[in-house]
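Worksheet: one structure, shown below.
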């Protein structure tokens, strides 16, 4: 069965780490799944569009269309993107027929401590405009299918929680 798991959360909340761990666990179990990361997708648009608020919407829309086409061809997808606005997540849900929103929740303190790319510092210094983090716009999802508390639980536990969700929904065989 094909589906898309769309990971959202603040930058540094653990979306990509958990998604990669999930992909590996599924691969080890003999299940193929495609991973689409917003940072990698944005690289395809380098020089074509600025990666600002509007550019990120274009990238996210492209990710959604790719995910839906992969799903139509029986390929399940994991997608990682901050996707800060509820309206954008609702649009993605309307594009992808079998869509599940995974919210990676972490406190501002935690994401600032993790900050693998130094984005919060750049935003704090006014060098990164339209940054969707604390101090910027990030709307907490009101319709997440699963919420992962990445402050409290390590990535392996979060992967296990997503696997349990997939089994409960009948999306994966045990």
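Read-outs throughout are calculated quantities, based only on the coordinates presented, and are distinct from any laboratory measurement. Note that this is a predicted model, so its numbers are computed, not measured. Cβ sites come from the backbone with ideal geometry, for glycine too, and all protein chains shown count toward neighbours.
Relative to the dominant Cα principal axis of the chain, helix 15-28 is inclined by about 20°. What's the angle, to the nearest 10 degrees (0 to 90), between helix 53-72's Cα axis and the longest principal axis of the chain? Roughly 10 degrees between the two axes. Ranked by the mean number of other Cβ atoms within 10 Å of their residues, highest first, the peptides 99-106, 111-118 come out as 99-106, 111-118. Comparing 133, 47, 121 in a Gaussian network model of the chain where C-alpha atoms under 10 Å apart are linked, the largest mean-square fluctuation is found at 47. Only one item in [x] 56, 42, 26; [y] 49, 37, 28; [z] 69, 30, 21 matches Cα extents along the principal axes in Å derived from the coordinates shown, and that item is [y].
Mean-square fluctuations from a GNM of the chain, with a 10 angstrom spring cutoff on Cα atoms, peak among 59, 137, 159 at 137. With the simple spin-label model, which puts each label point 7 Å out from Cα in the Cβ direction, the residue 173 to residue 157 separation comes to 3.2 nm.
Against the chain, whose longest principal axis is taken from its Cα atoms, helix 155-168 shows a tilt of about 50°.
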